Each structure stands twice: as structure tokens, then as C-alpha cells.
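The values are calculated or read from the model by the stated rules, or taken from the named source; none is laboratory data. This structure is a prediction, so every number in the text was calculated from the model and none was measured. Positions of Cβ are backbone-derived with ideal geometry, glycine not excepted, and every protein chain shown enters the neighbour counts.
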Amino acid sequence: MSKTIKLNKGLNINLQGVPVENLANSGTSITYAIKPTDFPGLIPKIVIKPGFEVKAGSVLFIDKYNPEIKFTSPVSGRVKEIERGERRRVLRIIIEAESEIRYDDFGKKDINSLNSNDIKKTLLDSGTWTFIRKRPYAVVANPEEEPKSIFISGFDNAPLAPNYDFIIKENTKEFQAGIDVISKLTEGKVNLNISDKTGSVYSNITEVEKNTFIGKHPSSTIGTQINHIDPLNKGEVIWYINPQDVIIIGRLFTEGKYDARKIVALTGSEVNKPMYYNTIIGASINSITENNVKEGNNRYISGNVLTGTKVNKNGYIGFYDSQLTIIPEGDYYEFFGWIAPRFKKFSMSKLYFSWLMPNKKYALDTNINGGERAFVVSEQYEKVVPMDIYPVELLKACLAEDIDKMEQLGIYEVAEDDFALCDFVCTSKIETQDIIRKGINLMIKELS
Amino acid sequence: MKALRKLLDNIKPHVEKGGKFHYLYSGFDAVETLFFVPNTVAKKGAHIRDAIDLKRTMFIVVIALVPALLFGMWNIGQQHFLSIGETETFMGTFFFGLLKMLPLIIVSYGVGLGIEIIFAQHRGHEVNEGFFVSGMLIPLIVPIDTPLWMVGIAVTFAVIIGKEVFGGTGMNIWNPALLARAFLFFAYPSDMSGDKVWVEGMGQLDKVADGFSGATPLAVMAAEAGDKVTTFANGIGNWSVMELVIGSYPGSIGETSIIAIGIGALILLFTGIASWKVMFSTIAGGLAMGFLFNAVAPESNVFMQMPAYYHLLIGGFAFGAVFMATDPVSASQTSKGKYIYGFLIGVIAVIIRVVNPAYPEGMMLSILLLNTFAPLIDFYVIQGNIKKRLKRVKVTA
């Protein structure tokens, strides 16, 4: 039974730089990179060396503890560099791309004739398995586990998020193929969650349970959707995939190759013409931002402003991201800022005037607007976490590293992106996403 | 502004770690962040942050206290001149109160912030803004003739024992301002109660003006508990209901005027800083208990017969409900918990007032008592959430 869920909690932050629905080809990306740091909790084992020739779909590294999970190259070319950071941790593997992409052949398949094991094998071999992540923990799924259902959030209402109606529009056939593949991986349902603002793009998609979410962000995050449709209990697993990755999986089975093309939205107040670009997973930021970014001290974010990763402007787009955001840095002193009217700043509270102008679009910077304090104000997070969870108590359990308490308070049901708005609204400037991720990492370490 | 920034930038290297005057860092930081919002950018987590911070939040609370403060200043002068039987202009009355009030405020902030800065330096934290509010609350809830040294000791006790031993603002169990008041109440009872302490200079007067009494309405009620004299049709003692609402009667400095406190309450509720759940349920609790007493009151007990809504008008009930019970740190943290917490504060405050004549004012003790039990209330509320989660596992298993 499809459900319609109305959420009253949450917060939409209106920012400048909404992408217009105009799709262009990005510039040529000379190099591509896959970053093991995009996969939380992963210890990579590198199987290539600089100078190796790879094709699209060739293995670059594997999960040290689950060797069947492979991470593959999105393009063909030569491995240029394995970049390492502190304690020799691998930061990224850079590939110098050929002008024409050659693909490893995974064979065209008739999806209907395949069983779940065939599918898992193809997904694992091609590296597309890594598109499938799981809750609890928000890490790459374990092929040996049985998910009770699979979730796809067919929309995104994070600040400046791309419009999936526009992205999926041209690829509904591959999307359906991807759904057909994925639906064989579970005995349960494949939930495709849409919003009341979603157009007709998914109307012909079958083999899924469509649920409609009405309400502000974070109604598009997986944790919120799971909590309302199929709450996760201890010992259960739910898998989830991004819509664009479903398309890539669809193409893998219909065309027999790992074709990692995707559409990325370039957004943010510091972009001249925010719009959509055709690109490939792991492409360089340069190739997308070419001549389209304003001068100044800017922050480049792979993803959205709430959950994205800070990247260098010469860096590479993140593995799961469909969005690139560019906003001004906020490293300036503001004279009596805490007492000034600050018409250009946004606040959920009524301590500023932004509540008078609900439709105004803001060009917010990265200044945290204050100093870090202990928890003082209560029931602030509750306003932006539309789940049956006590956020502050859970955070305190994470800080205390009290595993029993974390489990009782629902750590399995959340991941850092569910707390992203808590980061934003917090009066005490507490890094809630960081605390939750550390808590999750602790759970993984203690329980495995 | 640029010159100031330059000056601060010049001093900064000397007080930062490794500098010669590092022991002054927390003090410097407090001054610097007072003038300038720091240039800190988001390093992890969300890349943009709400414009709200604790400084602005606490500042709004102080603004909400200003009407009560201004009225309190006027009322200090008003009661003083009434007691000596003289009349004074409005401005004269106000300035008399202002001059009497200022030393209390200066001592409260000076001692409290001094201790806060020392502890912040010792811990390597930034100075927390919590004392912005406590430092203003404390002078407002003491009798005007409280000696300054007593205020100093009470503030010291409240900040160190009430707050810093638990780890500073955000970790404290009791409301620091009320703790200071409770300390004074139990350590120096003769200076905190009676009929003379509430009016400036009355203790030293040889002869009070005819017909003037320095007793508070609560004291009048407590004294009359045994006799049957009042009908309540026209208020309490010499004060009409209107006067009780306006607040021109002896009492702690900020607690008397319902109108001034009401303006503060509106500011706090509109901005959402104070929890309407706590405020509303505290008032509901007080009224409920008042009605209950009305219903069961024997003929002889006048206090029990007092109309329930009078409880909201006299003593510290309104001030406590608006500014003390709603302290987010010492109150219940959960939504359901807040209703229970507030309701019980109202109920117990009225019980203490009516049933125990030794403590005419029940609000202070009631809030401190519920501060103590707030974590327990939250514990059971959260236990409910945990049980729900466990039940779900069993249903599916």
C-alpha cells in the first residue's frame, strides 16, 4: 500500500543559486579520481599501481574486510597517482583519462532471467555494488545480508538540491531497468519515495511502492523516510540507492558496461549561471566550474551545503554526489554582529527578521556565527528532526560512548545526514553530524 | 571599528597560547567576542549555520527583564517615599531607585563574571553567556536592603557550587539565580524576611508614616491565615487587585509588577526562547491547586479561601513562572516532561505557600525542587520512547 506522509517538522533554507533547468556538457576532465574517503568506515586495499592501464569497470581497490566489494574506475586510461595523507591513508586514486572511453565487458543480460545471485555477482564485479548503501550505519551494503526492503528517495529538497524530475526525465527506461534489477535483491518492497511536488517523471515506473512525502527538508533524507514507512529495528537491514545510480545500474545490465555518466547540478550564490551538466563520476571540479564561478574566496562543496564535503577547487566530485555548491567563505570578523539586525543572514528563530521574509533567498557564507558552547537551549533539534527520536539524548549517548544507550535511543535508524539541520540550527554550534558519525563508527567497531 | 580590530589583533599574540599573558586569554576572548563575531568558519558538518548564537539569545532574555527592572527601580523609590510620608516627582522616584539598584547590579555582574572568567581560563573554554541573565536575575529577586557583601557571597556560592562544580553553564542542575536567593534565604533569614526589608531604608526608620506597612501581600496573607478578616472582594490588605497587577507594593525588586513581567513574557514567547509549555503549565498548576484549596477550604483558613488567581498576582509566582522555571538548562528537556515539570512547580508553589506558613514564598523552593527532579521526569519520558522501540522489535520478531 502506498503511503502519503505529511511532516510538519523540518526547515527549508532558501539560498541563492538555484540551478536553471538547462543541461550542458561539462568541459573535458583530464583526470578523474575515486576517493576512498567517500565511503565511511572503509579500509581500502589498493590493487593497482601508478602507470597501470585501466578500462571503465576495472578494479582500483577493494574493501579489505569484504574483498568481494570492489571499487572500479569510471573511465579508461592510466593510473596517474595514488595520493596518500596522514599515516599513509589513501585519499584518492587519480586516473588520466583517454579521449575515447573503453569499457570492460560485463555482458548484456535479460534481467527477467536472472536470479539474485547472478545480479549480485555482476554488480560486485562491475563496482556498481558500491552504489547500494545500507542502514544502519550508512555504509556500503554487505552482499551477504538480507534487506527487509530497499529505499530510493526520488526527490531531494536539501538547499539548492537538483531537481530529479529534470535529471531522470531523459533516462526513464534505464531507471526502470535498474529498478527491475534491484527489486530482485529483496524479498521485501522497493520503496520509491516522491514528494507532492514531483511531476510525472516516475508515473510509468513499476515494480515499486510509491510513497509521497509532504513537508520540508529533511523529508527527502533516507533516515526520515525509513522511520515513517518501515522503521528499522535491531538486527534488520534496509538498503538504499540514489536515483541516478539506479540509472547506471540499469545501463550496466542493458548495455553490458559500467557507463558512469551522470548529471550534476552546479549551484550556489557564487556561480554565475547555476545549471546542470553532463559529466562522469569522479570528474574534476574544474571541468564543471570552468568560467562559471565568481571571483573571491569561495568554498567548493561536493554535495549540498548541509551534508556535502569540502573540496579543493582543483579537486574531484564525490562518488555519491549529484550536486556541486559554491558559496563564499566566512572568515571575517563582524563588528557587534551578534546584536546587529543582520538582514542578510537567515535564522530559523525569531531573533532575526528572516521570518518576515519567508521567500527571500540568501547568500549565506561559512561563518558559524558564534562560538561553541555546551547544550543550553532545549527542543531546538526536535523541530528539524521529524523522527520518533530524542536527538539530544542520542547525541549525549554518542558523546559518552554508551553503546547500550545509543542502541536504545535509535542509533540504527539515523545517520549523519539526518542531523544535518541540527548542525545548522544549533545555538551552541555543536557539530552534531560529526558526533553521530563517530557514534556509528564506534558501533561498527564494537559490534563487528 | 577598524582601530579597535587592530588593537585587538595587536594584543592577541600576547594572550594566546605561548604568549606572556596567556592567563588573561579567557578575559580577552570575552571582550573580543563581545565586539566582534569571530571569524570561525564551519570545518566539519553543515557548511552554513543559523545566525543565532548564545550571546543574542541571552541578550534577548536580558531585554525581556528590562521592563521588570525599570518598574522595580521606580517602585523602590515609591515605597521608600511612602514609608517616610513624603511625595516625590516621578523622575525623582525613579532616580532614587536607580541609584539604590545600580550597586546591586554591579556587584552581581562583577563577582559572577569574574568567577566565570577564572573558571573558563582554567578549563580552556570560552566564557559562557549564561551569567548575562543570572547576573541580572539575582538583583531582581532580592529585597532592596540586602547588604552588598551578602549579594557577593550569594553570587559566589551560586556560580561555584551551583554551576561550575557541574561543569559550567549547560551542565548545572539548579537555576543559579534561584540558588543564590535560596542561599540568602537560609543563611541570612533575618535580612530576607519580615516586614521591614522590602522597603529601602525602613530598617533604620524611627517612625514609619501613618498607615504604612512594609509587609508584602504574601506576608499579610500568611499572618491572617488564622483570622477571618478578608473578603478578597477588593484585593488583599490595603492593595486592590489593580495595584497587585501594576505592582506598586513592597516585595523583591523585580517580582511585583504583573504588567512588566507580562511584557517580558511576551518577548520570550514571541522569540521562542522560553518554553510556552513550561510557562503555561506552571500557571495551570498554580491555578489548579488554588481552586482545589478553594474547594476544600475550612471556614477558618483564609489563605485557602483566597481566590486562586490571586496566587499568580502576589509574591514571586509570575516572575518565577516566566523567568526562572523556563531556564532551559535546569528545566525538563523533553516536550512531555515540560508539561509535567511546569504543572508540578505551580502545584507545589501554592501548597508551600498555603500549608507551610514558615515559608511564605513557595515559588523559589518549588522551582528548585522540580529542577532537582527534572532529570528524573526526562528519564521516564525517554524510557517511554525506548520501550516503544523495544516493543517494535518484539512485534516484528
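A few points about this structure:
- Which listed residue is closer than 30 Å to A:Asp365 by Cβ, touching a residue at least 24 places away in the same chain (Cβ under 8 Å) and of a type in the set (A, V, I, L, M, F, W, C), from B:Ala42, B:Ala46, B:Ala120: B:Ala120
- Flag if A:Gly318 is under 21 Å from A:Glu270 (Cβ atoms), within 24 Å of the chain's Cα centre (by Cα), assigned to a loop (DSSP other than H, G, I, E, B) and of a type outside the set (D, E, K, R): yes
- Selection within region A:3-44: residues that are part of a strand (DSSP E or B) and among the hydrophobic types (A, V, I, L, M, F, W, C). The member of this set that is surrounded by the fewest Cβ atoms within 10 Å (Cβ to Cβ) is A:Ala24.
- Any hit, region A:232-251, residues being under 14 Å from A:Ile152 (Cβ atoms) and part of a loop (DSSP other than H, G, I, E, B): yes
- Region A:62-92, residues that are aliphatic (A, V, I, L, M) and more than 23 Å from A:Thr122 (Cβ to Cβ): A:Val79, A:Ile82, A:Val90, A:Leu91
- Extreme residue, surrounded by the most Cβ atoms within 10 Å (Cβ to Cβ), among residues of region B:265-318 that are among the hydroxyl-bearing types (Ser, Thr, Tyr) and over 12 Å from B:Met221 (Cβ atoms): B:Thr282
- Meets criteria (assigned by TED's automatic domain parsing to the domain that holds A:Lys70, in contact with a helix residue (DSSP H, G or I) (Cβ under 9 Å, 6 or more places away or on another chain), buried (at least 18 other Cβ atoms within 10 Å of the Cβ) and among the small types (Gly, Ala, Ser)) for A:Gly235: no
- Checked against the criterion of being in contact (Cβ under 8 Å) with a residue 24 or more places away in the chain, more than 7 Å from chain B (Cβ to nearest Cβ), among the acidic types (Asp, Glu) and out of contact with any strand residue (DSSP E or B) (no Cβ under 7 Å at 6 or more places or on another chain), region A:355-367 contains not a single residue that satisfies it.
- Within the set A:Ser349, A:Ser287, the sole residue that is outside the structural domain of A:Asp165 (by TED's automatic domain parsing) and either surrounded by fewer than 16 Cβ atoms within 10 Å (Cβ to Cβ) or assigned to a loop (DSSP other than H, G, I, E, B) (or both) turns out to be A:Ser349.
- Meets criteria (of a type in the set (Val, Ile, Thr) and outside any loop (DSSP other than H, G, I, E, B)) for A:Val264: yes
- Tabulated pairs, region B:357-376, first exposed (fewer than 15 other Cβ atoms within 10 Å of the Cβ) and hydroxyl-bearing (Ser, Thr, Tyr), second in a helix (DSSP H, G or I) and modelled with pLDDT of 95 or more, C-beta under 8 angstrom, 6+ apart or interchain: none
- Residues in region A:290-310 that are crowded, with 20+ Cβ neighbours inside 10 Å and under 18 Å from A:Asp331 (Cα atoms): A:Asn298, A:Arg299, A:Tyr300, A:Ile301, A:Val305.
- Single residue of A:Ile205, A:Ile179 found to be crowded, with 22+ Cβ neighbours inside 10 Å, farther than 19 Å from A:Asp418 by Cβ and touching a Leu at 6+ places or on another chain (Cβ under 9 Å): A:Ile179
- Filter result for A:Ser220 (under 15 Å from the mean Cα position of the chain (by Cα) and either at pLDDT 95 or above or part of a loop (DSSP other than H, G, I, E, B) (or both)): yes
- Number of the exception - B:Trp149 against (1) assigned to a helix (DSSP H, G or I); (2) crowded, with 17+ Cβ neighbours inside 10 Å: (2)
- Region B:183-215, subset aliphatic (A, V, I, L, M) and assigned to a loop (DSSP other than H, G, I, E, B), residue surrounded by the fewest Cβ atoms within 10 Å (Cβ to Cβ): B:Ala209
- Residues located in region A:383-396, provided they are over 19 Å from A:Arg135 (Cβ atoms), more than 23 Å from the chain's Cα centre (by Cα) and either buried (at least 21 other Cβ atoms within 10 Å of the Cβ) or within 9 Å of chain B (Cβ to nearest Cβ) (or both): A:Val392, A:Glu393
- If the condition is being of a type in the set (A, V, I, L, M, F, W, C) and within 14 Å of another protein chain (Cβ to nearest Cβ), then region B:234-279 contributes B:Leu266, B:Ile267, B:Leu268, B:Leu269, B:Phe270, B:Ile273, B:Ala274, B:Trp276, B:Val278, B:Met279.
- A single member of A:Glu407, A:Glu379 is over 24 Å from B:Lys43 (Cβ atoms) and either without any contact (Cβ under 8 Å) to a residue 24 or more places away in the chain or assigned by TED's automatic domain parsing to the domain that holds A:Ile238 (or both), and it is A:Glu379.
- Condition check for A:Ile339: surrounded by fewer than 21 Cβ atoms within 10 Å (Cβ to Cβ) and in a loop (DSSP other than H, G, I, E, B): yes
This table checks each residue for (1) among the charged types (D, E, K, R); (2) modelled with pLDDT under 95; (3) buried (at least 18 other Cβ atoms within 10 Å of the Cβ).
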{"site": "A:Glu81", "(1), (2), (3)": "yes, yes, no"}
{"site": "A:Arg87", "(1), (2), (3)": "yes, yes, no"}
{"site": "A:Glu98", "(1), (2), (3)": "yes, yes, no"}
{"site": "A:Asp104", "(1), (2), (3)": "yes, yes, yes"}
{"site": "A:Gly107", "(1), (2), (3)": "no, yes, no"}
{"site": "A:Leu114", "(1), (2), (3)": "no, yes, no"}
{"site": "A:Phe131", "(1), (2), (3)": "no, no, yes"}
{"site": "A:Pro136", "(1), (2), (3)": "no, yes, yes"}
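- Verdict on A:Gly371 being touching a residue at least 40 places away in the same chain (Cβ under 8 Å) and either over 16 Å from B:Glu32 (Cα atoms) or in a loop (DSSP other than H, G, I, E, B) (or both): yes
- Verdict on B:Gly346 being assigned to a loop (DSSP other than H, G, I, E, B), surrounded by 23 or more Cβ atoms within 10 Å (Cβ to Cβ), more than 11 Å from chain A (Cβ to nearest Cβ) and touching a residue at least 12 places away in the same chain (Cβ under 8 Å): no
- Number of positions in region B:152-173 that are under 15 Å from B:Ser330 (Cβ atoms) and crowded, with 23+ Cβ neighbours inside 10 Å: 6
- Condition met for B:Gly85 (out of contact with any strand residue (DSSP E or B) (no Cβ under 8 Å at 6 or more places or on another chain), at pLDDT below 95 and not in a helix (DSSP H, G or I)): yes
- Applying the criterion of being within 23 Å of B:Asn128 (Cα to Cα) and more than 10 Å from every other protein chain (Cβ to nearest Cβ) to the residues of region A:397-448, the residue that is farthest from the chain's Cα centre (by Cα) is A:Ala400.
- Taking the listed residues B:Pro375, B:Pro328, the one that is within 14 Å of chain A (Cβ to nearest Cβ), outside any helix (DSSP H, G or I) and closer than 30 Å to B:Val62 by Cα is B:Pro328, with no other qualifying.
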